[in-house]
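Read through the structure below, which is laid out as structure tokens, and then see the notes.
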Amino acid sequence: MMHYLKIWLASVRYSLVRMMMFRFDFFLWSMVELCWMGVNVLMIAVIYRHTNSIAGWSKYEMLLLVGTSMLIQRLLLGFFWSSIFELGRNIRTGGFDFFVAQPGNIMFMATTRKLDPDSLANSVIATAIVIYSAHQLHLNPGLADIALYAFMIMCGLAIHYSLLVLSVSLAFWITSAQGIEGSYFTLAEFSRLPRKAFRGLASALFVWALPVVIVSNTPARVLLHGFEPALAVWLLAITAGWLGLAILVFNRGLRRYSSASS
Amino acid sequence: MFASLNKYRHAYLVGLQSNLVYRWTFAIRGFFSLFHLAVVFILWGAAYAGTPSIGGFAFGQTLTYFVVLLLLQFLIGAFNEDYQISEEIRNGLINQFLLKPVNYFAYRFSIYVAARTVSGLLVLLPLLAALPFLKDYLTFPHEWWRFVLGLPAVAMSALVQFSIAYCFGMMTFWFLEIQGFVILSMAIESVLGGQMFPLDLLPPWVLHIAGFLPFYYQMYFPAAIFTGRLNDPAVIVQQLGIQLIWVIALLAFNQLLWVRGLRRHTAVGG
């Protein structure tokens, strides 16, 4: 465990040095993400100019949900996105050999190598949106609620990580599936919507079959309504299930990897 | 005159063939856009649950707006033309155009039209698949003048779309990496182009200002004409004039960037 922590800290150091080398890039990409978060907040503001409720959620409740969803996504982009994005490309080009040859768990090595400090900087903004919304709603969560919220955010991060690894692992089977990781962003759009807005087939697919809705709704509800054991157990179970599936599929794919050198 | 246009016809035909190679990529992209339509349906359906009208429009009208927007995105949207141009500049592939009587803008525009012909036709497949579900909600106005004014608006929107992408591609003469600028611009375009919400839901003074910006004419303007969100022909004609001014300004700016950019360009090797 300590061995992996040391490797990860070396990756953090490398990413920070890289950020300081390309300062303008850091500034530009921070602005890019900030603008996209602003777009989502603006959409909520515009819709609530014309209505008071979306599936029973008031404006600031909805903002809290969107902030929670953005927080999970920023953490994913900050800790894993660059590495996983490159993973798909490396499988196609044969650059993945580099990771196969390393003395350690291949999935860990390949998905934690690069961090994006700009996304992590924006996770602070997403947290600020959550705090602002909670303040507007006059919420006073206790320490236990905040700890539970943070734990659920980590569960959400693990689920999003699993979805991304699963979609990129398809490259082991379909080498030509370029841009498949973009499908993650399409699915992530659903995590900004309240669970009650989903009905019929949409509910079966996006609430029950895929974890995209529950991942953001459960932590948001902890701040709004306190601890709900059934939801917490559900989130924990799907975290274990999806992470297990991602590890299984990645390792199955690994067996098919045949490099690409000439 | 026609002989000089003939080479761009060939560029279009070659572009058509090379884009047909990527037909599955476009088809998958079209399929995933149905998920985006599902988000729109769920979000706006929930917003309309407590009120019969938002901004003076019923749920069906708003859903129709987003369906038309989706169709326009595949028919005239600039997908990755900026990256393609950027790559050609960075890799020195534009050098061949400096030695031949080929206008680079016209060449790239021919390729863009070819790509949109393929993607525009392919998006019809997922839309047709979703039609049994959508048909009860779709509602279009029937005035004939909407086609007379809407079609030139679509054509000029295509020119605005492509010209903005071309501008970003030209930036490669000054910056090594343009991806950050492109995605930053996409955020602005998605709001001011009406892709996140219909622009008429903004406060009137913001909508008024947006009407003078080029983003308004990328998607919102033609979509609003066809879906009945713009209803005064006199106002539409006036805005067609503003759109024409933007087309001319962007074409001139593109030419300026090309001329200035080439002064910085260094062609190495053969």
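Overview of values
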{"item": "Any pair with Cβ under 8 angstrom, 6 or more apart, that starts in segment A:24-47 at a residue that is facing another protein chain (nearest Cβ under 7 Å) and ends at one that is at pLDDT 90 or above and surrounded by fewer than 16 Cβ atoms within 10 Å (Cβ to Cβ)", "result": "A:Cys35/B:Ile188"}
{"item": "Some residue of segment A:183-194 being surrounded by 14 or more Cβ atoms within 10 Å (Cβ to Cβ), at pLDDT 90 or above and not in a helix (DSSP H, G or I)", "result": "yes"}
{"item": "Filtered residue count, segment A:48-73, keeping only those that are more than 7 Å from chain B (Cβ to nearest Cβ), buried (at least 17 other Cβ atoms within 10 Å of the Cβ) and not in a strand (DSSP E or B)", "result": "16"}
{"item": "Cβ-Cβ under 8 Å pairs, at least 6 apart or on other chains, segment A:202-230 side within 25 Å of B:Phe133 (Cβ to Cβ), far side among the β-branched types (Val, Ile, Thr) and at pLDDT 90 or above", "result": "A:Ala202/B:Ile42; A:Phe206/A:Val213; A:Val207/A:Val213; A:Val207/A:Ile214; A:Pro211/A:Ile159; A:Pro211/A:Ile238; A:Ile214/A:Ile238"}
{"item": "Residues satisfying the stated conditions in segment B:85-111, i.e. part of a helix (DSSP H, G or I), in contact (Cβ under 8 Å) with a residue 12 or more places away in the chain and of a type in the set (A, V, I, L, M, F, W, C)", "result": "B:Ile85, B:Ile89, B:Leu98, B:Phe105, B:Ala106, B:Phe109, B:Ile111"}
{"item": "Helices (runs of 4 or more DSSP H) (entirely within segment B:120-209) containing at least 2 residues that are in contact with a helix residue (DSSP H, G or I) (Cβ under 6 Å, 6 or more places away or on another chain) and at the interface with chain A (Cβ under 10 Å from one of its Cβ atoms)", "result": "B:179-192"}
{"item": "Failed criterion for B:Ser53 (all others in (1) in contact with a Ser or Thr (Cβ under 6 Å, 6 or more places away or on another chain); (2) of a type in the set (Gly, Ala, Ser); (3) surrounded by fewer than 16 Cβ atoms within 10 Å (Cβ to Cβ) hold)", "result": "(1)"}
{"item": "In segment B:20-74, the residues that are facing chain A (nearest Cβ under 9 Å) and touching a strand residue (DSSP E or B) at 6+ places or on another chain (Cβ under 9 Å)", "result": "B:Leu43, B:Trp44, B:Ala46, B:Ala47, B:Tyr48, B:Ala49, B:Gly50"}
{"item": "Residue list for segment A:97-129, restricted to those being more than 13 Å from A:Ser83 (Cβ to Cβ) and small (Gly, Ala, Ser)", "result": "A:Ala101, A:Gly104, A:Ala121, A:Ser123, A:Ala126, A:Ala128"}
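The values are calculated or read from the model by the stated rules, or taken from the named source; none is laboratory data. Keep in mind it's a predicted model, so treat the numbers as computed, not measured. As a convention, Cβ positions derive from the backbone with ideal geometry for all residues, glycine included, and neighbour counts pool all protein chains shown.
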